[in-house]
Amino acid sequence: MQFPNLGRVAAGGAVAALTFAGVAAATATPAFAATAKVSVVHGIPDTPVDVYVDGKKTLDNFAPGDVAGPLSLEEGAYDIALTKPGEAIDKAILTVDDAEVPGGANISLAAHLDAAGKPKITPFVNDTAKLAAGKARLIVRHTAAAPAVDVRAGGKPVFEGLTNPEEAKADVDAGTVKADVVLAGTDTVAIGPADLNLKEGTATIVYATGSAEAKNLDLVAQTITGLHSAPGGVPSGTGGQAGTGVQTWWYALAGAGVLLLVGGGARVATARTATARGGRR
């Protein structure tokens, strides 16, 4: 399988783009759009969480390795807190205040470890541009507490020197490819190998998660469908995950506006007094 059109982006650029109203233009979505498609990826190992939105618990026991969404969410600002299951909100392990969710974006929010092993939340703008016939999109995101890595397909490096929280992508021939992650410039396998089924008209997003020091590095995959080049307008795409059963309850929480973590700047917190502020949209 050939890997033309390689692209590499630092996640910081995605964060900056999401901070401003101009995100709609950056994602090729009409400026009048008032909603965003938001998916959530849990990449913090051994840390199930409860999720609070504006002081109200909206999600219990969100498990590592799960992907939830996408959900069409109204633009607005929200306070978010993640706690260990059953713990009070003032003991949140991650918080974000006045998180701005812009309209017109397709976003994945990754809860993961930074390069130093501390939990954080990174928003990524998903590339939902249409694909040519017979093509698929492969996106790899380094969200692990690990040094720079190379991503190989069929034993050959296709993305090199990727660091946390960078991403790299390529539009490729649809099909199955055996991929693994090695320490940059070496043949030392850190994750994998794993077979990736890159279906025509989809974007497969692979997150490297976990900690090299704790020896729990892993892969989490998300799929965005509906990117075929057939007429019908610019696709917003749909996100997904296989076999976790998350999607059912995710849609049930639509009215609660769960996990609107874009912008605002997530921070690690050891103590925080929550003030419920509902209905701020």
Which one is farthest from the chain's Cα centre (by Cα) among residues in the range 45-56 that are surrounded by fewer than 24 Cβ atoms within 10 Å (Cβ to Cβ) and modelled with pLDDT of 85 or more?
-> Gly55
Please indicate, with yes or no, whether at least one residue in the range 142-152 is of a type outside the set (A, V, I, L, M), in a loop (DSSP other than H, G, I, E, B), surrounded by 21 or more Cβ atoms within 10 Å (Cβ to Cβ) and at pLDDT 95 or above.
-> yes
Restricting the range 98-131 to residues that are within 17 Å of Thr202 (Cβ to Cβ), not small (Gly, Ala, Ser) and not in a loop (DSSP other than H, G, I, E, B), which is modelled with the lowest pLDDT?
-> Asn106
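Taking the conditions exactly as written (closer than 30 Å to Ser229 by Cα, in contact with a His (Cβ under 9 Å, 6 or more places away or on another chain) and among the hydrophobic types (A, V, I, L, M, F, W, C)), does Leu162 satisfy them or not? It would help to see each step written out before you state the result.
Details: closer than 30 Å to Ser229 by Cα: yes; in contact with a His (Cβ under 9 Å, 6 or more places away or on another chain): yes; among the hydrophobic types (A, V, I, L, M, F, W, C): yes.
Taking the combined requirement at face value, the residue satisfies it.
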Filter the range 77-87 for residues that are more than 11 Å from Val51 (Cα to Cα) and either aliphatic (A, V, I, L, M) or out of contact with any Gly (no Cβ under 8 Å at 6 or more places or on another chain) (or both) and give the result.
-> Ala77
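Has the range 125-132 got any residue that is under 23 Å from His228 (Cβ atoms), polar (S, T, N, Q) and either within 14 Å of the chain's Cα centre (by Cα) or crowded, with 20+ Cβ neighbours inside 10 Å (or both)?
Yes, the range 125-132 contains at least one residue that is under 23 Å from His228 (Cβ atoms), polar (S, T, N, Q) and either within 14 Å of the chain's Cα centre (by Cα) or crowded, with 20+ Cβ neighbours inside 10 Å (or both).
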Does at least one position in the range 167-179 carry a residue that is out of contact with any His (no Cβ under 7 Å at 6 or more places or on another chain) and of a type in the set (S, T, N, Q)?
-> yes
Would you confirm whether any residue within the range 150-167 is free of Cβ contacts under 8 Å to residues at least 12 places away in the same chain and among the charged types (D, E, K, R)?
-> yes
Listed residues Ala88, Ala81; which is touching a residue at least 24 places away in the same chain (Cβ under 8 Å), hydrophobic (A, V, I, L, M, F, W, C) and either surrounded by fewer than 22 Cβ atoms within 10 Å (Cβ to Cβ) or touching a Ser or Thr at 6+ places or on another chain (Cβ under 6 Å) (or both)?
-> Ala81
Answer yes or no: is there a residue in the range 21-36 that is at pLDDT 75 or above and in a strand (DSSP E or B).
-> yes
Matching residues, the range 57-67, being modelled with pLDDT of 85 or more and among the hydrophobic types (A, V, I, L, M, F, W, C) | Phe62, Ala63, Val67
Count of residues meeting criterion [closer than 28 Å to Val206 by Cβ, over 17 Å from the mean Cα position of the chain (by Cα) and not in a strand (DSSP E or B)] in the range 61-86 | 2
Residue among Ala88, Ala81, Ala77, Ala36 that alone is closer than 27 Å to Leu217 by Cα and out of contact with any Cys (no Cβ under 8 Å at 6 or more places or on another chain) = Ala81
What number of residues within the range 97-118 are hydrophobic (A, V, I, L, M, F, W, C), closer than 21 Å to Ala144 by Cα and buried (at least 22 other Cβ atoms within 10 Å of the Cβ)?
-> 5
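The values are calculated or read from the model by the stated rules, or taken from the named source; none is laboratory data. Computed from a prediction, not measured in an experiment: that's the story for all the values here. Positions of Cβ are backbone-derived with ideal geometry, glycine not excepted, and every protein chain shown enters the neighbour counts.
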